[in-house]
Amino acid sequence: MVLARGALAQPVPDPQPEEKPATAAMPITAPSPTGPAVEAEYPAGESRGARVVLELDVDAQGEVTAARLLTPPQPRFDESALAAARRLRFEPARRGSEPLAVRIQFAFNFAPPPAPPVPSEQLVNVSGTVRERGSRRRVSGIEVSLREANLSAVTDAQGRFELRGVPPGSAELVIAAPGYQRLSTTIGVEPGKRTDVSLLLEPLFANPFEATVEGERGREELSRTTITTPEVQRIPGAQGDALKVVEDLPGVARTSPIGGGLLVIRGSNPGDSLVYLDGQPIPLLYHFGAISSTVNPDLLEGIDYVPGNFSATYGDLVGGLVEVRSRKLREEPHGYANLNLLEASAMVESSVPGVPGLSFALAGRRSYIDYILRAAVSEGDVRFTVAPRYYDAQLRIDWRPPGSRHALQFLALTSDDKLGLLVARPLDQDPNVSGNIDTETGFQQLRLKHSFRSGALTVDSIAMFDRLLLRFAVAQQDLDVLSRDLFLRSTISLEASDALSLAAGIDVANRRALVSASFQQSLAVREGEFNNQGPRIDEPLTTLPPTLVNRFSPGLWAEARIRPLPGLTITPGVRLDSYVYGVAARDRTSTAAVSPRVAVRWEASPVWAFKAGAGLYSQGARNADAVRPFGNPDVLPERALQLTAGAEMRPWPGLFFGAEGFYKRLSDIIVRSPDTQVVDGQTVPVILDNAGIGRVVGIEVLLRKELT
C-alpha cells in the first residue's frame, strides 16, 4: 500500500518460458533492494491511484543502469516512478558467489493521499452582535474575549461573533477596542443551550452627526498626513472642521484670516493645489467662510493631506493635494435631522429590502443666514440684495451583489453659494468698490464608479460629469463661467508577489467652458507682482464676449512598488500628460510633459523610519491663461522639480514625530509679459509667457498624539 505522499516499490517476477535444462546448472539468486526504502513521490494535483511497472537493468554492483516503462503512459506518475528508480540500490544477483548483471521488472504502486481528518468542532453556545451606541451601526474587526476560558472571537462585517465550547455557568465578556470605552459584561451559559447577546460600545469621542469608518487604504504616498473625525473633535479651535486642521499642518498657509476652501501648500499658488473626492477633483470642499463642507461630513471617512512628492497617480498640478475619502454605507437604517443657528440638515441611509448588496444614502443642507440677516441688518450705504445663503445635497447608491467580484457606486452632488450686496456710495477704504457686488458659485456632479476584485488583481474605473457655475461682479467688472466637464479615471493594480506590486492607469479630463468677462488687467495679480492699490480708475476694461473655451488633458501613468528587503520599499513611477487648449477650433495648441518620479521608504525598526523622494511635475494653463485677450495660446505647461527627505519616529505607542526637508524648483511659470508679437499679420501683445522661475526651500516638523 501507499502512504500519504509516496508509493512502495515491489519487484515483479520477470516471466520466462519454461525450459528444461539440458544439464544441471547452479541457481541464480534474484537481486533484492537494500538500504533505505525508496518511495516515489505522489504527483501534486492528482487524486487517483496508479501502478507503474518498469524494466530495470541492474549491474553486478547492484546499481540501476537503465529503466524503461512497460505499462501504458501515465503522465506525472511515470516521471515520479522513473525518478525513484534511479535511487534504488540492490544486493546484486548471484550465481553461487559470482555477482551477475540482470534485467528485472519492478513496480511502483500509487495511492491518493488520505483525506485529512475532520476535526470534531464544539458547538457554538455563545454568539452576539456588537454595535456602536448612539449610531447603532454594526462594528467589525472587534475582538470579543472570554478571559476565564481563554477564548476569543473577532466580529465579522455584520458585527457578529461566535464562541464555541464556553463552559456552563457565569462568563465575563470583555471588549477593549481603540476609540471605545472598555466594555465588560457577565452572561449566563446553560448546558445544551445557545446564548445570544447584543453589546453596545460607547465611543470615546462621540458626535451624533459625524462618524469614522475604517476602510481600505490606497497606495501610500511619501508625505501623507491622515486626519479622521475623532482626531478633529479633539483639536481645540477646529470646531469639527477637518479643513481647519489641514491649515494648521506643516507646509500650509491660509488664504485669508477667516479660512476658506483654497490652500497655499509649500509656497505654491492656491490654484496649484487641488482637492479630490475619491480620486476625482471637487471644485470646492467648503462653503464660503469655511462654515461647513459642501459634502455631508457623515458620508466622509477622513481627509489625507499630501503636501508634495505625490505618486504618478496624480497629475496636472505642481503644488500639493487633499484627498477626501468617503466611507462605506451602513446596511441598517440610519438617519438624523439637525437644526442649529446657521443651517438645517438631514440624512437618511439604509439597505434596500429584497435586493442583497444594495444600499443608499440621501443627505441635504440649507442655510438660513439670509433670513436672519434680513431681519437683523438695517439698510444703509451697504445692504444685501441677496443675503448670503448656501445649500448642498448628495445622493449615493452602492450595489455589490453577495459573492460578486464587481461593485457599482453612483454619486450625485450639488452645491450652491450666493451673495449679493449693494454699495450705495464708494467706500472710504476703497473708492473702486461701489454699486452691486454679486457672487455665486455652484457645481453639480454625477459619478459612476465600477470596481473589480479578483485575487491579486484590482480594477477601479470612475466616470464623472461636472457642471460648474462661477459668477462674480463688482461694479463694471464681472466674470461669468459656465463649464461642463467630463472626467475619466481607470486604474489597474496587481499584487504580483510579496516583493512586487504594479499599477497603471489613464486619467482624462475634458473641460468645455462658456466664458464671458470684463475687467481691468491690473486686477489680476500675477506671479512676481504686488498690488495693494487695486486697479486704476482710468484703466480701460478688457472685454471677452461669450466664448467657448476647451481644455483637453489626457494622462497615462504607471508605477511599481518594489520591496527588495524587509522594511525597504522603492516606488518608481512615470506619468505622461498632454494639454490641448484653445477657443473652439481657433488658437488650438497642444503640449506634452513627461514626469518621472521615485520614492523610497525604509522602516529601519518599529521606532524609526526614513524616507526620500524626487520627481518632476507639470501643470497646464489654468482658467483663461491660454485664451486671448486675457492670455496666450502658446504658453507651455508649468514645471516643478520636487525633492523631499525626512525621518519619522514613534518613541511610544500613539506618539508620532516627523521631520521633513524639501526643495522645490519651479520653471516655466506663467507671468505677465510686456512684449508684442505678430499674429495673422497683426501686432498683438503677448500678455503672458513662461519666463517665470521660482524656488521653495523648507523644513517641516510635526509632533502628533495619535488616537489609541
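Of the residues in region 488-501, how many are surrounded by 15 or more Cβ atoms within 10 Å (Cβ to Cβ) and farther than 11 Å from Val459 by Cβ?
The number of residues fulfilling the criteria is 3.
Is it the case that region 617-639 has a residue that's of a type in the set (A, V, I, L, M, F, W, C), outside any loop (DSSP other than H, G, I, E, B) and in contact with a Lys or Arg (Cβ under 9 Å, 6 or more places away or on another chain)?
no
Is it the case, given these coordinates, that Arg512 is touching a Leu at 6+ places or on another chain (Cβ under 8 Å), within 24 Å of Leu688 (Cα to Cα) and either at pLDDT below 90 or not polar (S, T, N, Q) (or both)?
Judged against the criteria, Arg512 is a match.
Quick one: which strands (runs of 3 or more DSSP E) lie wholly within region 123-221 and hold at least 3 residues that are charged (D, E, K, R) and modelled with pLDDT of 85 or more?
Counting at least 3 such residues, we get 160-164.
For Ser378, all conditions in the list (1) in a loop (DSSP other than H, G, I, E, B); (2) at pLDDT 80 or above; (3) small (Gly, Ala, Ser) hold save one; what is the number of the exception?
Here Ser378 meets the rest and fails (2).
Does Gln61 satisfy the criteria of being surrounded by 18 or more Cβ atoms within 10 Å (Cβ to Cβ), free of Cβ contacts under 8 Å to residues at least 40 places away in the same chain, outside the structural domain of Pro168 (by TED's automatic domain parsing) and in a loop (DSSP other than H, G, I, E, B)?
So Gln61 does not fit the description; no.
Among Ser293, Ser350, which is the only one that is over 30 Å from Thr569 (Cβ atoms), modelled with pLDDT under 85 and of a type in the set (Ser, Thr, Tyr)?
Being over 30 Å from Thr569 (Cβ atoms), modelled with pLDDT under 85 and of a type in the set (Ser, Thr, Tyr) holds for just one of Ser293, Ser350, which is Ser293.
Take the residues in region 150-201 that are more than 14 Å from Ser127 (Cβ to Cβ) and surrounded by 16 or more Cβ atoms within 10 Å (Cβ to Cβ); name whichever of them is farthest from the chain's Cα centre (by Cα).
It comes out as Leu183.
The values are calculated or read from the model by the stated rules, or taken from the named source; none is laboratory data. This one's a predicted model, so the numbers in the text were calculated from it and none came from an experiment. Methodologically, a virtual Cβ is constructed for each residue, glycine included, from the backbone with ideal geometry; neighbour enumeration extends over all protein chains shown.
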